[in-house]
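Each value in this text was obtained by applying a stated rule to the coordinates, not by laboratory testing. Because the structure is a prediction, the values reported are computed rather than measured. So basically every Cβ, Gly included, is an ideal-geometry build from the backbone, and we count neighbours across all protein chains shown.
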Amino acid sequence: MAPLSPLIIGTAGHVDHGKTRLIRALTNVETDRLVEEQKRGISIELGFAPFRLPSGRLAGIVDVPGHERFIHNMLAGIGGIDLVLLVVDVTEGVMPQTREHLQILQLLHIPRGIIVLTKCDLAEDDDWLDLVEEEIREELAGTFLAEAPCCRVSAQNGDGLPELVAAIETIARELPPRDTDGPLRLPIDRHFSVAGFGTVITGTLLSGQVSPGDTVELLPPGETLRVRDVQVHGKPASRASAGQRVALNLAGLERSRIPRGAIIATPGIFEPTARLDARLTLLATAPRALKFRDPVHLHLGTARSVGLVALLDRDRLEPGESALVQIHLDRPLVAQRQDRFIIRSYSPMTTIGGGQIIDPQPARHRRFRPEIMQELADLETGEKAFLLQRISRSGAARLKELEQSTGLGKERIHNHLTALVTDGAIVELSDQWADAGSVRSWQRQLCSRIEQYHLDFPLQTGIPLAALRGTLPEALSPKGFEALLGRLLASHVLVRHDDFLALTGFAPRPDSAQQSRIDAIEALWQEAGAEAKNNTEMLSRLTQTEVEAAEAIAFLINSKRLVRLNAECTLHAEAYAVALALLSGPFADQEFTLAEFRDALNSSRKMVQALLEHFDALKYTLRKGEVRVTWKLPLQAGDTVRYQENQKRD
């Protein structure tokens, strides 16, 4: 049986409706830690308590402040919960903060919830409770809590608590598991110092896993840290997983370096952003329309920022309407595609809407552009479309780059990429994936470049690989470039000659003037044999220009009629064959010096030195101080004995 996944439960409701007391009755934990909270009897900061369900499943309960002055603290804790308890005092019914909290829950798309009527021991009778529940149901009509179960409890005497626990257990079994495969992402909602331990941060782990000894990144500012210890719900743990309340002791971190709204994440995955593309919905109860570049307070997880809302296809967003927007932030924060956020009016601060992030790292958009609106609409359709857009934007992308831009786990990304490859939308090129249109364009560019090279250098076997690489954009990795060439070679569009590429069917065809120069150079080297001098001295005997001579020599080398030993020395193939015959004959399997080989070949010291170093590079010979021995000589047909000897040496 698979282990039960973690669960985070949040509370919501008006101030003094009994949220903290309910949690105390369920868990025996006092979540009001501050003296001021206990003195005033209201929650100011977020509170947390572990809660063991009858099934053995461990849940964490987040107690949020109900007072409207502390709504920013409520927003910092309510994100990332799986199940909400909407708490309503039966003696007061639905109040202003009940409505605002409900709006926030609705905008954040909290998946499931339970209505909890508290202080039922103070109700006059069951008829009164029925009236209160009916009133609440009217308020909840059309929301995600419209069909939610309703539990009537008393934290004072314990009535209804078993039924509430049973309802939580039932819903918990129906919730999908968290993404433990994804990168680590932990928004920090509290941080403090512990004597002898240093800085401790806490938060709800949204995705991924973390263990003691792991290297993590604090964003912003982008500082790499080591995890010293991990606690889950106040207990030491060898690993924390998505969906758990986590405390991390981070080595070498000062509290003053932790900005508001920071996250702990897998290094190199996330980047703070000061611009967001999003779908924004304005509440029907918003006091006025939202105009172009109106400032708002944006709440995303535990982070807050002031943003200017750029409406992309209109000048006003009326209450109850939804639109695609770009939000420009006054301070960077870490965001991920499909994150939910809340906006509050700039002044006075009231909740006026919220939305979902489409692109956390967008380019700056121009307004009223149909192609931009279509692109954003496509990105809304799902993760696969977002991956395709990310790949298409740069032409090609590696897995880590896709992790960075999506925040998804490797397995999930691979599944989408496989589907996109099957659809023909992208092409896998070794260590990266490329847009199919880009691949076709790159192939045309390569073929065009090679064709032009054939025209410019008709005597060359083909274009050098190094010269061809710069034809394509830097987005294509070296391995991706080789894979792209592999596709062209496999389809017989190109042929490869060592480090040169040519279009299939191409062969160097010198004209009459070129052929005359080629014949003259070959005759010169052929006549000189092993006594050939360096290239400069040899060519000084001819009237050809440097460019003409270089072109002819390259042709002769590519056609195996000359052999280049180094940049200065070249031999005719016949003289080279004589040198090889000496190796496999008189000098086989014995030590010899450069002078001995020079005398046998009847050549100059400089030429023989270049020749033997050439043989060393090919492993035909092995140098041992001032002497050499034959090593892996080129095989002749049927030379099985030498083949066996070479195998032994390998």
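What order do you get for Trp433, Trp128, Trp631 when you list them from fewest to most C-beta neighbours inside 10 Å?
Final ranking by Cβ density, sparse to dense: Trp128, Trp631, Trp433.
Where a ≥ b ≥ c are the square roots of the eigenvalues of the C-alpha gyration tensor, would you call the stretch 185-265 rounded, which needs a/c under 1.5, or, failing that, prolate if a/b is larger than b/c, or oblate?
rounded
So for the chain, averaging the separation of alpha carbon pairs under 8 Å that are six or more residues apart and normalising by length, what relative contact order in percent results?
In percent, rounded to a whole number, it is 7.
Using the number of other C-beta atoms within 10 angstrom as an exposure proxy, rank His365, His572, His299, His109 with the fewest first.
Least crowded to most crowded, the residues run His109, His365, His572, His299.
Would you please classify the overall shape of the stretch 249-400 from the alpha carbon gyration tensor, given that a ≥ b ≥ c denote the square roots of the eigenvalues, rounded means a/c under 1.5, and beyond that prolate means a/b larger than b/c while oblate covers the rest?
Since a/c reaches 1.5 but b/c is at least a/b, the shape of the stretch 249-400 is classed as oblate.
Rounded to whole Å, give me the distance from the Cα center of the stretch 438-466 to that of the stretch 128-163.
The distance from the Cα centre of the stretch 438-466 to that of the stretch 128-163 comes to 74 Å.
Per q in 0.13, 0.17, 0.25 1/Å, what log10 I(q)/I(0) does a Debye calculation on the alpha-carbon atoms of the stretch 460-567 return?
Log10 I(q)/I(0), no solvent term: -0.62, -0.87, -1.38.
FRET efficiency for Thr143 and Asp431, Cβ-Cβ distance as r, R0 = 51 Å, nearest 0.05?
Taking R0 as 51 Å, the efficiency between Thr143 and Asp431 is 0.60.
Can you compute the modelled spin-label distance between Glu537 and His328, with each label point 7 Å from Cα toward Cβ, in nm?
7.2 nm
For the stretch 136-178, what does the alpha-carbon gyration tensor say about shape, rounded, prolate or oblate, given a ≥ b ≥ c as the root eigenvalues, a/c under 1.5 as rounded, and a/b over b/c as prolate?
oblate
Just to confirm the number: angle between the C-alpha axis of helix 546-558 and the first principal axis of the chain, 0 to 90 degrees, nearest 10?
Approximately 80 degrees, to the nearest 10.
Enter the Cα centre distance for the pair the stretch 509-531 and the stretch 271-349, rounded to the nearest angstrom.
Value for the Cα centre distance between the two parts: 76 Å.
Please compute the contact order of the stretch 124-272 in relative form: average sequence separation of alpha-carbon pairs under 8 Å and at least six residues apart, divided by the residue count, as a percent.
Relative contact order comes out at 21 percent.
Please pull out the direction-averaged projected area of the chain, using the convex hull of its alpha-carbon atoms, in nm² to one decimal place.
If you wrap the Cα atoms of the chain in a convex hull and average its projections, you get 42.4 nm².
Arrange the following residues from fewest to most other Cβ atoms within 10 Å of their Cβ: Tyr453, Tyr346.
Fewest-to-most Cβ neighbours within 10 Å comes out as Tyr346, Tyr453.
Net charge within 13 Å of Pro162 by Cβ-Cβ distance, Lys/Arg positive one each and Asp/Glu negative one each, not counting Pro162 itself?
Computed value for this residue: -2.
If I model a spin label at Asn157 and Asp126 as a point 7 Å from the Cα along the Cα→Cβ vector, what separation in nanometres do I get?
1.5 nm
Report, to the nearest 10°, how far helix 605-618 tilts away from the longest principal axis of the Cα atoms in the chain, using its own Cα long axis and a range of 0 to 90°.
In the chain, helix 605-618 runs at an angle near 40 degrees to the longest axis.
Can you give me the angle between helix 573-584 and the longest principal axis of the chain, using Cα atoms only, in degrees from 0 to 90, rounded to the nearest 10?
Computed tilt is about 80 degrees.
Divide by every residue of the chain the summed helix terms, -39500 (n - 2.57) for each DSSP H run of at least 4, and state the resulting mean residue ellipticity at 222 nm, rounded to the nearest 500 deg cm²/dmol.
-10500 deg cm²/dmol
Can you pull the Rg over Rh of the stretch 480-520, Cα-only, Kirkwood?
1.21
Report ³J(HN,Hα) in whole Hz for each residue of the stretch 393-402, in order, from the Karplus equation J = 6.51 cos²θ - 1.76 cosθ + 1.60 where θ = phi - 60°; Gly and Pro get x.
3J(HN,Hα) across the stretch 393-402, in whole Hz: 4, 9, x, 8, 8, 8, 4, 5, 5, 6.
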